[in-house]
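Shown next, in structure tokens, is the structure this report addresses.
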Amino acid sequence: MFEFGERFDRSFRTQSYNAFLQDQWRVASNFALNYGVRYEVNTAPVEVHNWLMNYYPALGGLVQGDRTAIFDPYGNPLGDAPSRVPRAGFKTDRNNVSPRFGFAWDPFRHGKTVLRGGYAIVYDQQPLEPSVNMLLNPPYVEQWFSYYPWFDLGDSFPPGFPSFDGFVGDPNRDGVFSFWFEQPYSIAARDLGTRTTYVHQMHFGLEQQLGNRAMFEVAYAGSLGRKLPRLRDISVCTPASFVALYT
């Protein structure tokens, strides 16, 4: 169950700025070279009301964007960060310089054989989904889990989970006597060191005219990704940690 605090409307905003220079140089009658450079900035997605709460392992808690106060998952203050945290949970990467070049070469100067090649670094925009997942972080959204009376977690889970034989609470005040626990069990976070994903793209090929109606072509095209995002669990809930929390 989710319990929504204050307002839940959210609006995300990100911006992209791009500029490039490109030129072509015919080095010789049988050799042409294309080259250029591109620069782009894809800003880190922010929530316009500044309501994103990110978890920082180094600080040991949740901090609202552009603030310093640190809170645990239940809203209890833990102290203050040495400086304001980024609004998006990470800073915009402004190092996105993308060189690129290509060439075409007719080695025999008869217009029937051509060698072509090219290389470029291509940057991606910051994905929005990981930031949207942060909407479920406390305190604006509190997550509760429940099970009904006389149901033992040990019936379904490995040994070590505790048993409860009494009424714990009913946050909805609806008279349904089930066990409710305030437990933000799926806090999402963006890595403070997030950088823009980019890909090395390369191509090399040979084209050969065969007679007047056919052509033979062989080519290699490759790509190599860097700084690719991944999802990982940085705080695994084990039976031992569960028991320690509720006993």
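The values are calculated or read from the model by the stated rules, or taken from the named source; none is laboratory data. Since the structure is predicted, the reported quantities are computational estimates derived from the model, not experimental observations. Glycine also receives a Cβ, built like all others from the backbone with ideal geometry; neighbour counts cover every protein chain displayed. What goes into the accessible areas is simple: the full protein's heavy atoms, side chains included, and nothing from ligands, DNA or RNA. Shrake-Rupley method; radii C 1.70, N 1.55, O 1.52, S 1.80 Å.
Just to be sure I understand the filter: pairs with C-beta atoms under 6 Å, separated by 6 or more residues or on different chains, first member in the stretch 17-42 and more than 14 Å from P99 (Cβ to Cβ) and outside any strand (DSSP E or B), second member modelled with pLDDT of 95 or more and open to solvent by 60 Å² or more (accessible area, probe 1.4 Å). Which pairs pass?
none
I'd like to verify a number: residues in the stretch 220-236 that are among the polar types (S, T, N, Q) and either open to solvent by 100 Å² or more (accessible area, probe 1.4 Å) or modelled with pLDDT of 95 or more (or both), how many?
Total meeting the criteria: 1.
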